[in-house]
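Please read the structure below before turning to the comments.
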Amino acid sequence: MNINVFLSIVLVGLSMIYFLFKPMNLKQTDDKEMPQFSLEIFTLYELNQNGLITKMDGDDAIRYDNRYVVNNIDYTDNSREFLANMKAKNGLYKNDVVYLNGDVKLYRDDGLRFFSQKLTYNKAKDIAHTNVKYVAYMGENYITGDKVTLNNKKSTVKSKQIYAVYNLEEKKKK
């Protein structure tokens with residue numbers, strides 16, 4: 001075989017590769033946040049030298065760098081004066097703040113019962129807040145409204161558009 005024929009065949013082959021084959025298109029994607037791990041039907045405990053501080057149950061959860069995303073959350077805070085238990089369909093735990101969404105129920109061991117569709121609980125400040133309709137019960141007394149802030153440290157409640165039923169007891173004369 002003549003060298004000119006060989007080089008011509010190589011040149012034609014390389015030209016075909018250059019013109020007919022397209023390079024691979026690599027798409028660049030945004031760096032999505034990757035979960036560290038996931039849990040199914042779990043219970044997490046937070047303990048210190050005094051005992052149990054918080055307990056969190058759920059059907060499934062995903063742990064990211066700075067938060068937990070939980071379905072069917074059952075969160076108990078035992079770090080304050082009153083033991084508080086909160087339940088919801090969805091929860092987000094981030095930086096000592098619990099964001100609850102969907103059929104929220106809050107129970108405190110002093111008898112307070114609170115129901116709403118959303119609730120934000122700041123564990124560090126001991127404040128629960130919602131901007132949606134709610135109903136709260138304390139014994140036979142109850143209150144409904146459009147927005148509420150429960151400050152457990154100061155034992156205060158601030159609310160808008162309220163309707164309250166409060167039962168007063170008369171003192172009996174001796």
Report summary line: Among the residues of region 130-152, the number that are assigned to a loop (DSSP other than H, G, I, E, B), open to solvent by 70 Å² or more (accessible area, probe 1.4 Å) and within 16 Å of L106 (Cβ to Cβ) is 2
**Report entry** Residues located in region 124-142, provided they are of a type in the set (A, V, I, L, M), more than 21 Å from the chain's Cα centre (by Cα) and at pLDDT 90 or above
**Finding:** V135, A136
Requested in this report: Test K32 against the criterion of being part of a loop (DSSP other than H, G, I, E, B) and out of contact with any His (no Cβ under 8 Å at 6 or more places or on another chain), and give yes or no.
Outcome: yes
Report summary line: For region 7-35, pairs from a residue that is within 30 Å of R67 (Cβ to Cβ) to a residue that is modelled with pLDDT of 75 or more and in a loop (DSSP other than H, G, I, E, B), with Cβ under 9 Å and 6 or more apart or across chains, are E33/Y64; E33/D65; M34/Y64; M34/D65; P35/Y64
Query raised in the report: With Y45, Y75, Y64, Y93 as the choices, which residue is under 24 Å from the mean Cα position of the chain (by Cα), more than 25 Å from L112 (Cβ to Cβ) and among the aromatic types (F, W, Y)?
Result: Y64
Query - Residue list for region 104-127, restricted to those being of a type in the set (G, A, S) and in contact with a strand residue (DSSP E or B) (Cβ under 6 Å, 6 or more places away or on another chain) - result: G111, S116
Requested in this report: Determine which member of the set N167, N101 is modelled with pLDDT under 90 and either touching a strand residue (DSSP E or B) at 6+ places or on another chain (Cβ under 7 Å) or farther than 22 Å from N72 by Cβ (or both).
Outcome: N167
Report task. Would you mind telling me which numbered condition in (1) closer than 24 Å to L119 by Cβ; (2) open to solvent by 100 Å² or more (accessible area, probe 1.4 Å); (3) not acidic (D, E) F82 fails? Result -> (2)
Query raised in the report: Are there any pairs with C-beta distances below 8 angstrom linking a residue in region 102-114 that is touching a residue at least 24 places away in the same chain (Cβ under 8 Å) to a residue that is open to solvent by 20 Å² or more (accessible area, probe 1.4 Å) and among the small types (G, A, S), with the two at least 6 apart or on different chains, and if so which?
Result: G111/G139
Query raised in the report: Looking at V69, is it at pLDDT 90 or above, out of contact with any helix residue (DSSP H, G or I) (no Cβ under 6 Å at 6 or more places or on another chain), over 20 Å from K125 (Cα atoms) and outside any loop (DSSP other than H, G, I, E, B)?
Result: yes
Requested in this report: Under 7 Å between Cβ atoms, at least 6 apart or on separate chains: pull out the pairs that start in region 58-83 with a residue that is farther than 25 Å from K153 by Cβ and end on any residue that is open to solvent by less than 70 Å² (accessible area, probe 1.4 Å) and outside any strand (DSSP E or B).
Outcome: I62/P35; R63/P35; Y64/P35
**Report entry** In region 85-123, the residues that are assigned to a loop (DSSP other than H, G, I, E, B) and buried (at least 18 other Cβ atoms within 10 Å of the Cβ)
**Finding:** K123
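The values are calculated or read from the model by the stated rules, or taken from the named source; none is laboratory data. Predicted model, so just to flag it, every value in this text is computed and none were measured. Virtual Cβ from ideal backbone geometry, glycine too; neighbours counted across all protein chains shown. The protein model used for the area step is the full one, side chains on, heavy atoms only, and it has no ligands, DNA or RNA in it. Shrake-Rupley method; radii C 1.70, N 1.55, O 1.52, S 1.80 Å.
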